[in-house]
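Read through the structure below, which is laid out as structure tokens, and then see the notes.
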Amino acid sequence: MRKFGLALILLATLTACSTPSGSETNGAAQPSGPGYYTVQKGDTLSSIARKFRLSNRDIISWNKLSDPNDIKVDQVLRVAPEGARAGSKTTPPRSVGNNAATAAAGAASDEKDSVDWAWPASGQSASGLGQGKKGIDIFGQPGQPVLAAAAGKVMYSGSGIRGYGNLVIVKHNSNLLSIYAHNKTIVVKEGQMVGKGQKIAEMGKSDSNSVKLYFEIRRQGKPVDPSRYLPSR
């Protein structure tokens, strides 16, 4: 039986547990200078490619990235072919000012665009974001299908986190995961890959006083407003 403490740590730190890939080394000096770029907080592969007017495929190939969604802060990436001089193509355009809010919004948009989202269940929904809640409640009937809101990997399946009942956590990329709580029955296992719209559970009221699905989207471990990601209906 899973312990509450371990499960809570999993929920809070899930997005930070993957192994660095690409040009990072264990303690060894990393290359720098023209033709290289050090990953900053909020960067994604797509945003870096746009910054240097490259394709994602170029960066993946030059850095031999096994998982293009798993780039790390302070990781050094090659942004020019080996032996090439850093020219206008690989020199990022000069930005006007230092608008951190705009940069953060752009990074969030990159992640939103890279995941194809759908509603995890049908039924009336109520958003409680900013009112003591972090996601949305979707009300339905006992046994109603709960679907994966996007393709990903099941990182948690169980009842070890107090207040969530029978819970499923799906990781979609290095930054985004989704949470499905209060299920009656879970039909997927940890480590299983699931597709968008695939049944992962049945709606119930475990650790709840009404039949509903409690749904969250988390970015870098922090809850975000699901309405920014889910399609209108």
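The values are calculated or read from the model by the stated rules, or taken from the named source; none is laboratory data. Not measured: the values here are computed from a predicted model. No Cβ is skipped: glycine too gets one built from the backbone with ideal geometry, and neighbour counts run over all protein chains shown. Side chains included, ligands, DNA and RNA excluded: accessible areas come from the protein's heavy atoms. Shrake-Rupley method; radii C 1.70, N 1.55, O 1.52, S 1.80 Å.
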Go through region 186-233 and give me each residue that's surrounded by fewer than 17 Cβ atoms within 10 Å (Cβ to Cβ), closer than 12 Å to G135 by Cα and touching a Leu at 6+ places or on another chain (Cβ under 9 Å).
P223, D225, S227
Matching residues in region 143-162 (closer than 18 Å to M203 by Cα and either open to solvent by 20 Å² or more (accessible area, probe 1.4 Å) or not in a loop (DSSP other than H, G, I, E, B) (or both)) number 11
Inspect region 16-37 for any residue being open to solvent by less than 40 Å² (accessible area, probe 1.4 Å), of a type in the set (A, V, I, L, M) and either in a helix (DSSP H, G or I) or modelled with pLDDT of 80 or more (or both) and give the result as yes or no.
no
Failed item, numbered, when Y180 is tested on (1) crowded, with 20+ Cβ neighbours inside 10 Å; (2) more than 15 Å from I136 (Cα to Cα)
(2)
